[in-house]
């Protein structure tokens with residue numbers, strides 16, 4: 001990992017569809033060298049994928065929220081995992097430490113669909129409590145680490 005790799009990663013983080021010739025101009029390398037470096041970064045697993053990020057509000061998902069889920073016992077973890085995997089409104093799910101067992105991020109149409117989802121979560125075997133936090137506005141929304149951090 002060197003400064004050229006970081007510059008390439010910054011270009012791709014800003015626009016994963018950026019043309020290799022544009023990146024080569026920005027980093028001062030040949031197109032073939034840039035393509036080879038990108039392939040190496042992918043092969044190493046540092047680049048885990050390329051994706052399109054949709055705007056939830058423009059997609060009709062006006063309510064984004066986090067839900068903390070408390071389980072009665074760890075034996076119910078698989079029930080939560082199954083529910084999460086089968087629900088399209090759940091964007092993220094993390095098994096966490098602290099007072100709760102899971103935190104999920106959801107994007108849903110409105111408060112009525114959030115209520116329906118919350119009731120679905122509460123009906124999963126072993127769920128003994130939840131806490132829902134509705135997002136009013138987002139100040140920062142990064143999807144991966146800053147490539148500059150890789151030089152430390």
(message) If residue 64 meets every condition in (1) under 16 Å from the mean Cα position of the chain (by Cα); (2) without any contact (Cβ under 8 Å) to a residue 40 or more places away in the chain apart from one, which number is that one?
(response) (2)
(request) Please go through segment 122-132 and pick out each residue that is surrounded by 12 or more Cβ atoms within 10 Å (Cβ to Cβ) and out of contact with any helix residue (DSSP H, G or I) (no Cβ under 7 Å at 6 or more places or on another chain). (result) 122, 128, 129, 131
(request) Go through (1) on the phi < 0 side of the Ramachandran plot; (2) without any contact (Cβ under 8 Å) to a residue 40 or more places away in the chain one by one and return the number of the condition residue 98 breaks. (result) (1)
(message) Given the options 50, 94, name the one that is closer than 30 Å to residue 21 by Cα and either assigned to a loop (DSSP other than H, G, I, E, B) or not assigned by TED's automatic domain parsing to the domain that holds residue 24 (or both).
(response) 50
(request) Scan segment 6-39 residue by residue and report those that are farther than 22 Å from residue 53 by Cβ and under 23 Å from the mean Cα position of the chain (by Cα). (result) 39
(message) Return the residues of segment 22-36 that are part of a loop (DSSP other than H, G, I, E, B) and exposed (fewer than 14 other Cβ atoms within 10 Å of the Cβ); say none if nothing qualifies.
(response) 28, 30
(request) Please find, among 73, 50, the residue that is exposed (fewer than 11 other Cβ atoms within 10 Å of the Cβ), modelled with pLDDT under 95 and under 30 Å from residue 104 (Cβ atoms). (result) 50
(message) Take the conditions surrounded by 14 or more Cβ atoms within 10 Å (Cβ to Cβ), modelled with pLDDT of 95 or more and part of a loop (DSSP other than H, G, I, E, B) and apply them to residue 81. Does it pass?
(response) no
(request) Specify which of the listed residues (48, 32, 24) is more than 27 Å from residue 116 (Cβ to Cβ) and in contact with a helix residue (DSSP H, G or I) (Cβ under 8 Å, 6 or more places away or on another chain). (result) 24
(request) May I ask you to verify whether residue 108 is at pLDDT below 95 and either in contact with a helix residue (DSSP H, G or I) (Cβ under 7 Å, 6 or more places away or on another chain) or closer than 30 Å to residue 8 by Cβ (or both)? (result) no
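The values are calculated or read from the model by the stated rules, or taken from the named source; none is laboratory data. Treat the numbers as computed from the prediction; the structure is a model and nothing was measured. A quick note on method: Cβ atoms are made from the backbone with ideal geometry, for glycine too, and the neighbour counts reach across all protein chains shown.
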